[in-house]
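The values are calculated or read from the model by the stated rules, or taken from the named source; none is laboratory data. Everything numeric in this text was worked out from a predicted model, so none of it was measured. Positions of Cβ are backbone-derived with ideal geometry, glycine not excepted, and every protein chain shown enters the neighbour counts.
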């Protein structure tokens, strides 16, 4: 594949601050056994991209532990493979003695790596969007059209609240980008194409843009590079038709997680593609164990769980234990959560290693799930 | 070029396991699936790496394809090493002609060169027939301490079952004074587990001598061990206590799977300090649907359960439709149990489809017989397979044609 991949691991950390205190957005657990980075990483690997860089900023220990040598994604390679680009001194990209803040500044700080790549195209992806996308097809479309930039977009209904969360992309009948509304406070159409932060860029254009950005002190890729290039360079959209979820807040996180349980089409779209499996770190847990007193319905359960109590409408990550007489409803329990006996949980998101002692009762609300921080003992 | 290793393990994986019938038609016994996400060979391989042994030769002969593919470069067991690691050793053609492995001892004899490249002090002989967790480093330590020529792991079995095993009679210090293969009147209950640790020189000496003995069965139990005892070599028994189960028959394979169930399972796979590693496909977590009922079960990735599952072990990618019942059964990879079907007291090999309303297996009043459905069989809707019956695809087609003709 004539493309290399770059994944931004931190850009949307603030969206779900509860879960990113000690980790990057990329390493936020999602979908019972995955981390958010597994989606862009698997999308790239499934499309034949084997040279992938993950740009980090801070809090990247959990990310490094998750990626390891990359062997679980078949990325432990002599040539290429996956590497983590941690910030170093040139990361002070905006010359104000601050770490980079934006996508463009992050790219400027790894300009050297980009200039050393062999591929003609670079695929950029964020970690806040969950989708199973065929990048091979998108790169082909990019190559055939001769565009310098192809932006994956998803057509969604626009409401007063979601317009300002999105970058709305207008295009002509040939799919060429004509305008970009960056987080508009007002937008008058009912449906629109929104940027899903998966871009294919010709490497030469990207390098030129980075030089330009340095010369002119640009800071925003969409505002300063793309908007200025409209009408001068050929930039196109690529409409993605599959399932797409954007994690913008903890409520989003909770709702999209619950959608995995409620909607079998979503599960099917994300996970049941034999050609494009979502890969993740293998943990070698034993299969899940249900005892005689277990009562489970409408739930996703990962390996390594031991269930003695009742579990309904919930997601149990690897190694969760639910003791006798306990009832877990509408909750998401991360790796190695320990639920003692006669515990009652409802609308709770428990981060890793949380310990619920016997007889504890805890409830959040679907609109405001209760987050218990990593390692807390209640 | 070859880094010296203290101990090299040799895993005998060439056996057919003919008593597993259709389950080993296309695969060697060590590649038979077990416990939801494992294959039998995962246990000795994981034991090796958990005991610090990183050089393992796997001797294959019968139907090695699935096994070779499964072992691959050894990565799942951390046995992908630049020096050592896991190596598949099939029989080969030499200057003096080609020969199959004639017996367990001959298999090792033919691979003495492999062993000697690593110049080990000890050679551990393992078999791919058992489910157990064992720290071999304790065995090696005991061997060293007693300056033994050979140490044989033994397990205490009930006296009434002792005549099914090779029995090691020892003196007070644990030194083996007599070995009896399946004795009618056992003198002790120390059954050999088929795990032998040899000092390298003693092993080489006796393998070469055995190879030059006409009429020898070239077998460790029958020839090597008796010959060493005869010569007064230092053979010791190493007592092992813990779970150890032979899974050589349909009934024992089913039993061993059932041992994983219950509140305090007879055999616990959830031991984080002694993990059993396996090559796993990247499958999504399993989903338990609304209205399903799951009790006392082992369930793994890629499963979709909408029906009833009780006292059963389900491998990956299994679908149990609403209204279907799986009870006291072992269901291997990729099976589908359609609505209204019942599977009980049965082992389904991979990719089996049980049609609507079909019944596989039944509860027996006396000794429980296990029904077996072979790889890829599509059990017709409404059909029934009685207790203890076994079918592969060809046999199942024949049964149905027979039914039509009658």
Q) Out of all the residues in the stretch B:27-38, which are closer than 17 Å to residue B:249 by Cβ and within 14 Å of chain A (Cβ to nearest Cβ)? A) B:33, B:34, B:35
(Q) Name the residue that is surrounded by the most Cβ atoms within 10 Å (Cβ to Cβ), counting only residues in the stretch A:13-55 that are assigned to a helix (DSSP H, G or I) and within 14 Å of another protein chain (Cβ to nearest Cβ). (A) A:41
Q) Only one of (1) without any contact (Cβ under 8 Å) to a residue 24 or more places away in the chain; (2) in contact with a strand residue (DSSP E or B) (Cβ under 8 Å, 6 or more places away or on another chain) fails for residue B:330. Which number is that? A) (1)
Q. Which residue out of B:210, B:201 is touching a helix residue (DSSP H, G or I) at 6+ places or on another chain (Cβ under 6 Å) and part of a helix (DSSP H, G or I)?
A. B:210
Q | Residue satisfying condition, being closer than 17 Å to residue A:129 by Cβ and surrounded by fewer than 15 Cβ atoms within 10 Å (Cβ to Cβ), within set A:232, A:155, A:228 | A | A:155
Q: Can you work out which of the residues in the stretch A:271-314 that are more than 7 Å from chain B (Cβ to nearest Cβ) and not in a loop (DSSP other than H, G, I, E, B) is surrounded by the fewest Cβ atoms within 10 Å (Cβ to Cβ)?
A: A:295
Q) Which one of these does residue A:279 not meet: (1) over 23 Å from residue B:39 (Cβ atoms); (2) touching a helix residue (DSSP H, G or I) at 6+ places or on another chain (Cβ under 6 Å)? A) (1)
Q.
Which condition from (1) in contact (Cβ under 8 Å) with a residue 60 or more places away in the chain; (2) surrounded by fewer than 18 Cβ atoms within 10 Å (Cβ to Cβ); (3) more than 11 Å from chain A (Cβ to nearest Cβ) is the one that residue B:229 breaks?
A. (1)
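Residues checked against (1) closer than 19 Å to residue A:296 by Cα; (2) in contact (Cβ under 8 Å) with a residue 24 or more places away in the chain; (3) touching a strand residue (DSSP E or B) at 6+ places or on another chain (Cβ under 8 Å):
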site: A:339; (1), (2), (3): yes, yes, yes
site: A:342; (1), (2), (3): yes, no, no
site: A:352; (1), (2), (3): no, yes, yes
site: A:371; (1), (2), (3): no, yes, yes
site: A:377; (1), (2), (3): no, no, yes
(Q) Which of the strands (runs of 3 or more DSSP E) found entirely inside the stretch B:324-406 contain at least 1 residues meeting this: surrounded by fewer than 23 Cβ atoms within 10 Å (Cβ to Cβ)? (A) B:325-331, B:342-348
**Q.** Residues within the stretch B:1-26 that are in a loop (DSSP other than H, G, I, E, B) and either crowded, with 24+ Cβ neighbours inside 10 Å or within 14 Å of another protein chain (Cβ to nearest Cβ) (or both), tallied
**A.** 2
Q: Being modelled with pLDDT of 95 or more, within 25 Å of residue A:214 (Cβ to Cβ) and more than 18 Å from the chain's Cα centre (by Cα) narrows it down to one of A:110, A:123, A:148, so name that one.
A: A:148
Q | Evaluation of residue A:324 against (1) within 11 Å of another protein chain (Cβ to nearest Cβ); (2) more than 29 Å from residue A:82 (Cα to Cα); (3) within 22 Å of the chain's Cα centre (by Cα) (one fails), failing number | A | (3)
Q: Could you please find all residues in the stretch A:175-202 being assigned to a loop (DSSP other than H, G, I, E, B), without any contact (Cβ under 8 Å) to a residue 24 or more places away in the chain and in contact with a strand residue (DSSP E or B) (Cβ under 9 Å, 6 or more places away or on another chain)?
A: A:183, A:184
Q: Kindly indicate whether any position in the stretch B:249-265 is more than 23 Å from residue B:41 (Cβ to Cβ), surrounded by fewer than 17 Cβ atoms within 10 Å (Cβ to Cβ) and either away from every other protein chain (no Cβ under 14 Å) or in contact with a strand residue (DSSP E or B) (Cβ under 6 Å, 6 or more places away or on another chain) (or both).
A: no
Q | Matching residues, the stretch B:46-73, being within 14 Å of the chain's Cα centre (by Cα) and within 12 Å of chain A (Cβ to nearest Cβ) | A | B:46
Q) buried (at least 17 other Cβ atoms within 10 Å of the Cβ) and within 14 Å of chain B (Cβ to nearest Cβ), is that true of residue A:265? A) no
**Q.** residue A:334 over 16 Å from residue A:28 (Cβ atoms) and touching a residue at least 12 places away in the same chain (Cβ under 8 Å)
**A.** no
Q. Hey, among A:227, A:239, A:232, which residue is out of contact with any helix residue (DSSP H, G or I) (no Cβ under 7 Å at 6 or more places or on another chain), free of Cβ contacts under 8 Å to residues at least 12 places away in the same chain and assigned by TED's automatic domain parsing to the domain that holds residue A:134?
A. A:232
Q | In the stretch A:330-370, residue nearest to residue B:272 (Cα to Cα) [restricted to those that are touching a helix residue (DSSP H, G or I) at 6+ places or on another chain (Cβ under 8 Å) and at pLDDT below 95] | A | A:369
**Q.** All positions within the stretch B:35-46 that are surrounded by fewer than 24 Cβ atoms within 10 Å (Cβ to Cβ) and in contact with a strand residue (DSSP E or B) (Cβ under 8 Å, 6 or more places away or on another chain)
**A.** B:39
